[in-house]
Each structure stands twice: as C-alpha cells, then as structure tokens.
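Quick notes on the structure that follows.
The values are calculated or read from the model by the stated rules, or taken from the named source; none is laboratory data. This structure is a prediction, so every number in the text was calculated from the model and none was measured. Note that we place each Cβ from the backbone using ideal geometry, even for glycine, and neighbour counts take in every protein chain shown.
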Amino acid sequence: MITLLFFAHLADQAKTRERQVPLAATPQRVVENDVNLNFLKDRSLRVAVNRRWAHWDTSLFDGDEVAFLPPLGVI
C-alpha cells in the first residue's frame, strides 16, 4: 500500500486529504489505475514522493507517501 496526500483544492476534489491505495509502479500509474483520480491527470500539478519533489514516472515502493500539489503560486 501507499499513502496519497492531497493539498489545497485537490483535497476538495478528492474529498479527503489522505487516502491509502494499492502499490502502483509510478504516480502516473496511480492516477491511471483509479477513475476517481481523473482530476489529477493535469501534468501541471506537482508530485512529491516521501516529501521530495518527484517526476510523474518516479518508481514507487510499498509504504511510500505520494503527495499531489497544485502548481506553485496557485495554492
């Protein structure tokens, strides 16, 4: 499992600030695998893995924390 964190208006769209989901290979795959996360397909969004800025194709591992943030300056 991995933990997803949603910030600013993304938390409103997700209807939660935190969610547990099954492990996926990358943040991009997390979004592609869950129809409820379609609002995250905007690649202008920032992603962080384990509190470090990351790319959408960063490899994920069991227990990772993946945060989705709006573009800086839009928070």
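Descriptive notes on the structure:
- Taken over the range 9-54, residues that are more than 16 Å from Glu65 (Cβ to Cβ) and polar (S, T, N, Q) amount to 6.
- Number of positions in the range 41-58 that are of a type in the set (A, V, I, L, M, F, W, C), touching a helix residue (DSSP H, G or I) at 6+ places or on another chain (Cβ under 8 Å) and surrounded by 17 or more Cβ atoms within 10 Å (Cβ to Cβ): 4
- Residue that is farthest from the chain's Cα centre (by Cα), among those in the range 1-10 that are at pLDDT 95 or above and surrounded by fewer than 15 Cβ atoms within 10 Å (Cβ to Cβ): Met1
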